[in-house]
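See below for the structure under consideration.
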Amino acid sequence: MAMTGPAMRLERIIAPSWSRRLGLPALALVATVAIAAWLAWLAGAAPLTVLGLIVDGAAGSKFALLETLNRATPLIFTGLAVAVAFRARLWNIGAEAQLYAGAVVTVLLGTGAIVLPAPLLLPLIVGAAMLAGAALLLGPALLKTRLGVDEVVTTLLLNFIFLLFVSYLLEGPMKDPMGMGWPKSERLVDAARLPRIAEGLRLHWGFGLALICAAIVWVIQARTTLGYEIRAVGLNARAARFAGVPVNAVILKTAFLSGGLAALAGFSEVAGLKGALTLDLSPGFGYTGIVVAMLALLHPLAVVVSAIFVAGIFVGADSMSRAADVPTYIADLLLAVALLLMVLAIKMTGFRLVRG
Amino acid sequence: MEGGAAPPALRLDRITKRFGPLVANDAISLTLDRGEVIALLGENGAGKTTLMSILFGHYVADSGTIAVFGQPLPPGHPAAALAAGIGMVHQHFMLADQLTVLENVVLGTRSLWAPWFDRAAARARIAQLSRDFGLAVDPDAPTGTLTVGERQRVEILKALYRDARILILDEPTAVLTPQETEALFATLRRAVGQGLSVIFISHKLHEVLAVASRIVVLRHGRLVGEVAARDTDRHLLAEMMVGHEVPAPKVAAQQAGPALLRLDAVETPDRNNRPGLRGVTLDLAGGQIAGIAGVSGNGQGALADLISGIETPAAGALQIAGAGVSRWSPRAAIRAGIGRIPEDRHKTGGIDAATLTENAILENYEWPPISRRGWMRWPVAEARTRQIIETYDVRCPGPATPLRLLSGGNIQKLILGRVLEAAPRIILANQPVRGLDIGALTYVHERLLAARAAGAAILLISEDLDEIMALSDVIHVISRGRLSPGFPRGSKTPAELGLWMAGHGHDGARDAA
Amino acid sequence: MEALLDILLAGSFWAAAVRIASPLIFATMGELICERAGVLNLGIEGIMVAGAFAGWMAVYSGLGLWPGVAVALGVGMAFGLIHGVLTVPFGLSQHVVGLGVTLLATAATYYTYRLALPEVTAPPRIAPLAPLPIPILSDLPLIGPALFAQTPLTYLAFGCVLAVSLILYRTPLGLAVRAAGENPGAVEAQGLSVTAIRIGAVMAGSGLMAVGGAFLTMSAFDSFFFEMVNGRGWICIALVVFGAWKPGKALLGALLFAGFDALQIRLQQTPLGADLPYQLFLALPYVLSILALVAMSRRAQVPAALMVPFNRGER
């Protein structure tokens, strides 16, 4: 057997320096940008021009910026949903389905079934939508706590099942008779629509609601016993159980919160932006929420920043690909790269790889 | 090779290893001759295991060299150590539990790209080695189903199967009954008779005196002495090991208080290869320490889980201070006044990545004054933690430090503080001093004795028979989930307890009757 | 009822079941290898997408069919290397890295597809692997068309199960892989490199996943579509659990599963199917997967070190 020097192992750094804690994530970001340039070059475009176009498309004008914030809104919700769940080591990969659950309820209650003024109707819809999303995650959470079934796979599979259910609804009971055959729901009544934040500003109150939710989640995590319990369960469920923390109850509460938050993404998209439900309501906001949450290190306030950043890449890539001949999928690719590099960078702030 | 004299089996030359600021091994040199048994003596944290891990290639020394039979050993490769004839019996057995004994033994002995391995030949060789060295074990049993003693035999077989010429045993007797320890020593004598050299790592003085011809003592990472076994005795060794005479804990005689904990024919189910309790009956009064002796994996876990509130009785009754319990849970146990010191302070006792404050309030965060109506009151929690840090002498930078930065002893002091500050009536101390150095160990024992003096009933579970015999008012032995009657202090010899530990106690009692 | 009987007695049903099972068999074996070595590979879904595209693209660019399979295998192994390096020596969360690899492989595939074929509206077709009926055997009723009139890639899938079983249970390499999934410390103490074994297993497993994906574009269909893997990877993870981490049982699970899938397609065309929404039938495979997980919960012996990173000399 060839002896090529001792194998590597990770050694914990007791007190990582600030240069390491900031430098490594920055390095990950730089590497991501470098890869972006390389991808643009592969597509035969001038790398710097492409990068410039992305930034410009995301934040180059008031219109671009508002578009980015609009796109960030559902990502804040799904990012929060994932962050809350992952903190408790509840691997909720089902935000996509929970988003649609919220959207379905919004359409059910908001298309004239209930006649109420907006200040009463909107809170009602918000509550019902959150319940629906929570209920959808409660199943996998119960399977996890009761039977030990891994929630990653069950939540993933539920995404496919629920999307087929929505497809059935849109072709059957919820189909808009005026929709000219398209699988599309009826439009919401005016009272069920989220108003714009300011007159003439193309940004709806869903964004405001997302910010409020981020603040609430932060307060829950930092100041309440539930937040403390979630942290304890996530960091060491065995020690938490031993000390008397009701671990299963905490997981179920977390699931409730996480599913509810994801559902708000669906509510906000329907009530704030689209006005009706279609099968392409979400281009994977649920999955992108995972990237958003991980880039934010699961911190609720950082989720807002990270969601805007991620939304900016999508919006910027869309606008760039219209101008340059680079496929818009560059955005998805960059986010995947950023996710992996950032997770690696964060780990390596606390460890170094040594021989022997 | 000069002068025709054969080089020693092993020569370590000025081995130094640092972990961050800690110097685990400081320029340690030693030699092991052919056919010799040396003991490496030192208290927990003295650097014994680190030194042997370097020898075996788990770690690479910062400086220093190793020569095996005169040949330099490349650092950092267990494969090189194995090829050079070094076999290691790890303290925590390195066995894959769902694999059979045979599979564990042959693992890595053939090139990974070899198309097959010859099971028949391997089986025959294992049978031969078993006979030669007195290591009976079923080669086709999954190792997860074996007793601790049998697993250790598999570990030794692994080394012998590879023709090891140097055998290193890391704290091999910690998990054995006195009788099994004797059998191990017999195996080692046979091995030496066949020309093997042995390094025996221990912190137990009477064992190193019994088995080794030469004793090397480590303290705080330094080699502080080397003596022939015939030239020394326990007292001298203890002083070399710790730096001063180790006082035996003073256990003042004391009247038993009211009955606080009562188990009546309790049964619990088996869990993951771990036996449950079989008709366990136990009475524990205030002001008393009941010691539970036994080989690990004989139901100690089930008993601790039951008292901790993790496990509920499937049959039989559990009574606290004369009252039966219903809806048993960790929280119910805490509320019933049971303080619990868990076996694994890193995995069960505390949350490594959380702060000292977060760890200190883990058992009482839900009630005032730590929280009120679901809102945490962090300043109060932090003040509590500071108080524990001060009262229990937890050496740390402050309450916001992550738990993992503390030494094992300081983590145990924090857990001790968490438990004792709640003024429990009953204390479950499961392996409370395992892995601690003398200072921390003495501190924990003193605190437990103080609680006893204050009237608490203490259930002490330990695999260290010496610890049990030193502290307990009453000794029970647990074996295959069954609990022996209580033996008053001083009424049984270690050998007699060893018979109970091996499961022969009930037979003996019946014969006597 | 009669309709059901008609379906079950048709050779084409059994042939379809085995055809549907083939990509699942490859990918399930791939996931099984990874998990037996102690690594959960959630990259499976994306790696199947990449494999489906790579194999097809290779053939479309003029390589032969078997070189196309080799290209898919290689692409899968490359993503396996990324997964393995991040989760094994660096010990990153296998959940996060797995999902990240799925995102990466999917996005890389779509990006490359658009780069390679910027103008097309419908993806071009290739000449896929042709069925290779085995003389005499393929004329047997029911099992003939099911087992002996398939494409060579299906035969390879069955061969793959046999090979994985033999390697896992009969060779030193398989022993090392199983031990790495049970107690990596034991592997290290016997002088083997846990890192090498685990990365190797993840690479080999990922290669098989990609071949499973390539089956879709090179044998089942003749073209590449977005969304064509459609959750098959996640289903394979459920199949590994259902098969209790044993190749034979996992094969049985894949066949059973594919049988239900073939059945639902045919039931849609019966009068009963006309009355029920087609989405119900499409959802059946996913529902079955969840039921399989529930049924097997607490039964199977999970590899003890699954999802537990190993760090040499951890103190």
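Read-outs: derived from the displayed coordinates by stated rules, not from any lab. No experiment lies behind these values; they were computed from the predicted model shown. So basically every Cβ, Gly included, is an ideal-geometry build from the backbone, and we count neighbours across all protein chains shown.
Only Cα pairs under 8 Å and 6+ residues apart enter the sum, and on that basis the relative contact order of chain B stands at 15 percent.
Look at the alpha carbon pairs under 8 Å that are at least 6 residues apart: their mean separation over the length of the stretch A:23-182 gives a relative contact order of 18 percent.
GNM on chain C, alpha-carbon springs under 10 angstrom: the most fluctuating residue among C:Gly248, C:Gly181, C:Gly76 is C:Gly248. Within the shell of other residues whose beta carbon sits under 11 angstrom from the beta carbon of A:Lys144, the net charge comes to 0, with Lys and Arg scored +1 and Asp and Glu -1. In terms of the mean number of neighbouring beta-carbon atoms within 10 Å, the peptides B:402-413, B:439-450 order highest first as B:402-413, B:439-450. Based on alpha-carbon atoms, the Kirkwood radius and the radius of gyration of the stretch B:25-111 give Rg/Rh equal to 0.98.
Each principal axis of the Cα cloud of chain A was taken in turn, and the coordinate range along them, longest first, works out to 74, 59, 41 Å.
Counting each DSSP H run of 4 or more residues in chain B as -39500 (n - 2.57), what helix-only mean residue ellipticity at 222 nm follows after dividing by all residues, to the nearest 500 deg cm²/dmol? Can you show the working numbers first?
On the way: 17 runs with 168 residues, N = 513.
After summing the helix terms and dividing by residue count, I get -9500 deg cm²/dmol.
Listed by chain and number, the lysines whose C-alpha is less than 26 Å from the C-alpha of B:Lys17, apart from same-chain residues fewer than 8 away, are A:Lys347, B:Lys48, B:Lys204. Computed over chain A, the per-residue total of -39500 (n - 2.57) for DSSP H runs of n ≥ 4 gives a 222 nm mean residue ellipticity of -23000 deg cm²/dmol, rounded to 500. Using the Karplus relation 6.51 cos²θ - 1.76 cosθ + 1.60 with θ = phi - 60°, the per-residue 3J(HN,Hα) values for the stretch B:250-256 come to 8, 10, 6, 4, 7, 5, 5 Hz, with x marking Gly and Pro.
How do C:Leu142, B:Leu261, C:Leu156 rank when sorted from fewest to most other Cβ atoms within 10 Å of their own Cβ? Let's see the in-between values first.
Details: C:Leu142 14, B:Leu261 24, C:Leu156 19.
Ranking C:Leu142, B:Leu261, C:Leu156 by Cβ neighbours within 10 Å, fewest first, gives C:Leu142, C:Leu156, B:Leu261.
Inter-chain Cβ neighbour count for B:303-312, averaged per residue, equals 1 (cutoff 10 Å, partner chain atoms only). Within straight-line reach of C:Lys246, meaning a Cα separation under 20 Å, sit the following aspartates and glutamates at least 8 residues removed in sequence or on another chain: A:Asp150, B:Asp97, B:Glu103, B:Asp140, C:Glu31, C:Glu35, C:Glu182.
With the convex hull drawn around the C-alpha atoms of the stretch B:356-453, the volume per residue stands at 100 Å³. The calculated Kirkwood hydrodynamic radius for the stretch B:211-308 is 17.8 Å, given to one decimal from all distinct C-alpha pairs. Overall size of the protein assembly as shown from C-alpha positions, given as principal axis extents largest first: 99, 73, 66 Å. Report note on the peptides A:278-285, A:262-269, B:36-43: ranked by the mean count of other C-beta atoms within 10 Å, highest first, their order is A:262-269, B:36-43, A:278-285. Taken along the Cα-to-beta-carbon direction at a fixed 7 Å, the label points for A:Ala323 and A:Ala215 span 3.6 nm.
Computed over the Cα atoms of the stretch C:156-221, what is the convex hull's projected area averaged over all directions, in nm²?
With every direction weighted equally, the projected area is 4.7 nm².
Across the alpha-carbon atoms of the stretch A:143-216, the computed radius of gyration and Dmax are 18.5, 53 angstrom.
Evaluate the stretch A:160-317: find the radius of gyration of its Cα atoms, find its Kirkwood radius, and give the ratio Rg to Rh.
On the way: Rg = 18.8 Å, Rh = 18.0 Å.
With Rh from the inverse mean 1/r over Cα pairs, Rg/Rh is 1.04.
Calculated FRET efficiency, C:Leu166 to B:His244, Cβ-Cβ distance, R0 = 56 Å: about 0.35 to the nearest 0.05. Look at the stretch A:90-98: the mean tally of other chain Cβ atoms within 10 Å of its residues' Cβ atoms is 1.
Counting only Cβ charges, +1 for Lys and Arg and -1 for Asp and Glu, the dipole size of the stretch B:10-133 around its Cα centre is about 240 debye. Counting, for every residue in C:49-58, the Cβ atoms of other protein chains within 10 Å of its Cβ and taking the mean gives 0.
Global dimensions of the stretch C:38-158 from alpha-carbon coordinates: Rg and Dmax equal 17.9, 54 Å. What separates the Cα centres of the stretch A:31-92 and the stretch A:283-297 is a distance of 11 Å.
The Rg/Rh ratio of the stretch B:84-166, with both radii computed over alpha carbons and Rh defined as the Kirkwood radius, is 0.93.
Of the GluC sites (Glu not before Pro) found in the stretch C:176-262, the ones in coil according to DSSP and having at most 16 other Cβ atoms within 10 Å of their Cβ are C:Glu227. Taking every DSSP bridge with both residues inside the protein assembly as shown, close to 60 percent are antiparallel.
Under 8 Å for C-alpha pairs, at least 6 residues apart: give me the relative contact order for chain C, rounded to a whole percent.
Working: 557 pairs, mean separation 113.2, N = 315.
Relative CO of chain C lands at 36 percent.
Note on chain B: Cα-Cα pairs beyond 43 Å make up 21% of the total pair count. Using only alpha-carbon positions in chain C, the gyration tensor eigenvalues give semi-axes of 32, 23, 19 Å once each is multiplied by 5 and square-rooted (largest first).
Treating r as the C-beta distance of A:Ala249 and A:Arg21 and R0 as 35 Å, the FRET efficiency rounds to 0.50.
Mind checking the dipole of chain C: about its Cα centre, +1 per Lys or Arg Cβ, -1 per Asp or Glu Cβ, Debye to the nearest 20? Please list the in-between numbers first.
Details: 15 positive and 14 negative charges, 156 e Å.
Result for chain C is approximately 740 debye, rounded to the nearest 20.
What translational diffusion coefficient, to the nearest whole µm²/s, does the stretch B:2-242 have by Stokes-Einstein, given a Kirkwood radius computed over alpha-carbon pairs, a temperature of 20 °C and 1.002 mPa s viscosity?
On the way: Rh = 18.5 Å.
Answer from the Stokes-Einstein relation: 116 µm²/s.
Packing, taken as the mean count of other beta carbons within 10 Å per residue, orders the peptides B:111-121, B:452-462 from highest to lowest as B:452-462, B:111-121. The aspartates and glutamates whose alpha-carbon is closer than 17 Å to the alpha-carbon of A:Lys184, local same-chain residues fewer than 8 away aside, are A:Glu171, A:Asp176, A:Glu269, A:Asp280.
What helices in chain C pass both tests, a Cα length along the helix axis of 27 Å or more and a mean Kyte hydropathy of 1.0 or higher, using whole DSSP H runs?
Values: long enough: C:11-36 (36 Å, 0.87); C:65-87 (33 Å, 1.66); C:94-116 (32 Å, 0.71); C:194-215 (31 Å, 1.50); C:247-267 (30 Å, 1.04); C:278-296 (28 Å, 1.96).
Long hydrophobic helices here: C:65-87, C:194-215, C:247-267, C:278-296.
Taking other Cβ within 10 Å of each residue's Cβ, how do A:Tyr100, C:Tyr169, C:Tyr113, C:Tyr286 sort, fewest first?
Values: A:Tyr100 30, C:Tyr169 13, C:Tyr113 19, C:Tyr286 24.
Placing the least packed residue first, the sequence is C:Tyr169, C:Tyr113, C:Tyr286, A:Tyr100.
For trypsin sites (Lys or Arg not before Pro), the sites in the stretch B:202-250 that DSSP calls loop and that have at most 13 other Cβ atoms within 10 Å are B:Lys250.
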